[in-house]
Amino acid sequence: MSRPAALRISPFLRLADLARAAPDRLYARFGAQQITLGDAAAMSEAIARRLVAAGLGPGDRVAVMMANRPLLIALIFAIARAGMVWVPVNTRLQGEALGHILDHSAPALLVADRDLLPAVEGAGAWALPRILALAPDSEAMDLPPADPGLPLPPPPEDTATFAIMYTSGTTGQPKGVQVTHRMFGYAARAVERVCGIRDGDVLFVWEPLYHIGGSQLLLLPLYHDLHLHLVPRFSASRFWAEVAESGATHIHFLGGILQILLQAPPSALDRGHKVRIAWGGGCTRDEWEAFETRFGVDIREAYGMTEASSITTCNIDGPVGSVGRPVPWLRVELLDEQGHPVPPGARGEIVVTEAEPGVLFAGYLADQAATARALRGGRLHTGDSGSMDAQGNLYFHGRLNDSVRRRGENISAWEIEHVAQQHPAVAEVAMVGVKARIGEQEIKLFVRPAEGEALRAPELHGWLRERLGEFRTPRYIAFVDSFPKTPSERIRKALLSRETADSWDAEAPADPPPPVEWIAAATQPEGPG
């Protein structure tokens, strides 16, 4: 996928070349609707001209808040071709988080599904220069027609910014990662590698395209004779039926997806599909082996972040539980607090450097302080904890700042949460540290039970103790109906209460019993950082 330096233009521009050569080749299916290369090229070029005719030019930002459908794919390609900057916006956002992204990115145009306008209005974003509202399931851009002969701007170089993708912001406001066209090309190359892509493959796409895990797949049909099969959303009850009907060879997962699928009753569809590889992140060792055994697929676990072109390491043939080895265009080292390499087996911060130019982002939009913290001496300090075995396989241990210091030992939230989420009555969990009466901190676990499940704290505590041991088992358990979330659906732990009066306490006297089992999480003002 690399080009000579003089010809390094956006990889999205391959669409027009391929459409001229093979206009009838299938690019994607959305339900029963087929989208050929010719269809995608014609739609995206027409939209690009309409955007230009409407007065937008290279570098202008176009915020897009739309559900997955063919028009969204064409719009993304149109923005790329016209040299504009795509700002994907989570369709479930509202309030302060939505307002921050729309204000901070300062788009020249917001394209949004009409039923999302109340959320935009509620976020105080009506001051946007222009808003284009689309009817439900619309497949047409309601912009004035453009002359088919209207010239488009020169093709953007691959070093130009293609997207501003906002990070989770779990302890502060989301930060806008400036993603270049070249970085998107590397993201596609990484999927090629982790998935062992072949001509004829079908990639099942359930994830919204505002997530890089979904959008990075858009380039793959331009480099291989394969197609995407998109569905509107993830459905646990219909998942394997949709996968089988699509003929998919690959599925993507986030940690919770595997757990949901494993909890479903056994079915003939468990093996009635053509999937050979499930790829993604957040798979526990137990889920890994259980999923491969039950569904007959190969798990490919990966690690990465948007700042480093999505995927940094992938486990193709390494040990279960590892996130694998670095992709060829990146290098990974583990450093201690003084910046020195740690020995094999020891934990350190995951630090990423380029082996090829242009893989790491240049910085966050309008945030020099955050950029300086992340990029130091040409290296990306991820803020993640990892260890590496003697063979160079990386193991992920969660965020460095997401751990509890209990009686002299650091306990990773990631390790506790991944065990707790394996309980069949648990939907979501979040672990935080709270003040201890004696010593440093105690563990408090917030739990959102699965729908229709009755879950009691003493029973959950005993279940966790069997798997975590006494030392790592949470002392406090608080049940919640929902969690505050970031734009990328991560739990905003800074908004979770550090009080203990709202929780079941494992060390409280057994008599009288706790009066309340279902407790909504109180919130507190978010601190700095």
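The values are calculated or read from the model by the stated rules, or taken from the named source; none is laboratory data. No experiment lies behind these values; they were computed from the predicted model shown. So basically every Cβ, Gly included, is an ideal-geometry build from the backbone, and we count neighbours across all protein chains shown. Ligands, DNA and RNA are stripped out before the accessible areas are found, and what is left, the full protein with its side chains, is counted by its heavy atoms. Shrake-Rupley method; radii C 1.70, N 1.55, O 1.52, S 1.80 Å.
Restricting attention to the stretch 149-183 and to residues that are among the hydrophobic types (A, V, I, L, M, F, W, C) and assigned to a strand (DSSP E or B), the residue that is farthest from Leu26 (Cα to Cα) turns out to be Val177. The residues of the stretch 295-333 that are in contact (Cβ under 8 Å) with a residue 60 or more places away in the chain and more than 30 Å from Phe162 (Cβ to Cβ), listed by number, are Gly318, Pro319, Gly321, Ser322.
The set of residues in the stretch 140-150 that are surrounded by fewer than 14 Cβ atoms within 10 Å (Cβ to Cβ) and either within 23 Å of Arg69 (Cα to Cα) or without any contact (Cβ under 8 Å) to a residue 40 or more places away in the chain (or both) comprises Ala140, Asp142, Pro144, Pro145, Gly149. Being assigned to a loop (DSSP other than H, G, I, E, B) and open to solvent by 10 Å² or more (accessible area, probe 1.4 Å) holds for only one residue in Tyr186, Tyr210, and it is Tyr210.
Considering the stretch 274-329 alone, what residues qualify as being aliphatic (A, V, I, L, M) and within 15 Å of His252 (Cβ to Cβ)?
Residues satisfying the conditions are Val275, Ile277, Ala278, Val297, Ile299, Ala302, Ile311.
Regarding Phe204, is this residue within 21 Å of the chain's Cα centre (by Cα) and under 15 Å from Ala28 (Cβ atoms)? Taking the combined requirement at face value, the residue satisfies it.
Being at pLDDT below 90, surrounded by fewer than 17 Cβ atoms within 10 Å (Cβ to Cβ) and either hydroxyl-bearing (Ser, Thr, Tyr) or more than 28 Å from Ala370 (Cα to Cα) (or both) is a property that holds for Pro136.
Meeting the requirement of 3 or more residues that are in contact with an Asp or Glu (Cβ under 8 Å, 6 or more places away or on another chain) and buried (at least 18 other Cβ atoms within 10 Å of the Cβ), the strands (runs of 3 or more DSSP E) wholly within the stretch 370-438 are 379-388, 394-399, 426-435. Taking the stretch 238-266 as the search range and keeping residues that are at pLDDT below 95 and of a type in the set (S, T, N, Q), which one is farthest from the chain's Cα centre (by Cα)? Selected residue: Gln263. Of a type outside the set (S, T, N, Q), open to solvent by 10 Å² or more (accessible area, probe 1.4 Å), modelled with pLDDT of 95 or more and closer than 18 Å to Pro328 by Cβ, is that true of Glu192? Against the criterion (of a type outside the set (S, T, N, Q), open to solvent by 10 Å² or more (accessible area, probe 1.4 Å), modelled with pLDDT of 95 or more and closer than 18 Å to Pro328 by Cβ), Glu192 qualifies.
Could you list, in sequence order, the residues of the stretch 3-17 that are part of a loop (DSSP other than H, G, I, E, B) and either modelled with pLDDT of 95 or more or surrounded by 14 or more Cβ atoms within 10 Å (Cβ to Cβ) (or both)?
Passing the criteria: Arg8, Ser10.
Filtering Thr180, Thr159 for residues that are touching a strand residue (DSSP E or B) at 6+ places or on another chain (Cβ under 8 Å), surrounded by fewer than 20 Cβ atoms within 10 Å (Cβ to Cβ) and hydroxyl-bearing (Ser, Thr, Tyr) leaves a single hit, Thr159.
Taken together, the criteria exclude Gln441 from residues that are within 25 Å of the chain's Cα centre (by Cα), open to solvent by 40 Å² or more (accessible area, probe 1.4 Å), at pLDDT 85 or above and farther than 30 Å from Val87 by Cα. In this structure, does Arg285 turn out to be modelled with pLDDT under 95 and under 28 Å from Gln391 (Cα atoms)? So Arg285 passes the test. Evaluated against (1) over 27 Å from Glu354 (Cβ atoms); (2) open to solvent by less than 20 Å² (accessible area, probe 1.4 Å), Ala241 falls short on exactly one condition, (2).
Which helices (runs of 4 or more DSSP H) sit wholly inside the stretch 229-343 and have at least 2 residues that are acidic (Asp, Glu) and over 28 Å from Gly378 (Cα atoms)? Those helices (runs of 4 or more DSSP H) span 239-246, 285-295.
Residues that are of a type in the set (Phe, Trp, Tyr) and in a loop (DSSP other than H, G, I, E, B) within the stretch 477-507 comprise just one, Phe483.
In the stretch 410-425, the residues that are hydroxyl-bearing (Ser, Thr, Tyr) reach residues that are open to solvent by 10 Å² or more (accessible area, probe 1.4 Å) and in a strand (DSSP E or B) with C-beta atoms within less than 6 angstrom, at least six apart or across chains, in these pairs: Ser412/His397; Ser412/Ser403. Residues that are open to solvent by less than 60 Å² (accessible area, probe 1.4 Å), assigned to a loop (DSSP other than H, G, I, E, B) and not acidic (Asp, Glu) within the stretch 346-369 comprise Ala346, Ala355, Gly358, Val359, Leu360, Phe361, Gly363, Leu365, listed in sequence order. If you go through the stretch 239-294 and pick out every residue that is under 20 Å from Gln421 (Cβ atoms) and of a type in the set (A, V, I, L, M), you end up with 10.
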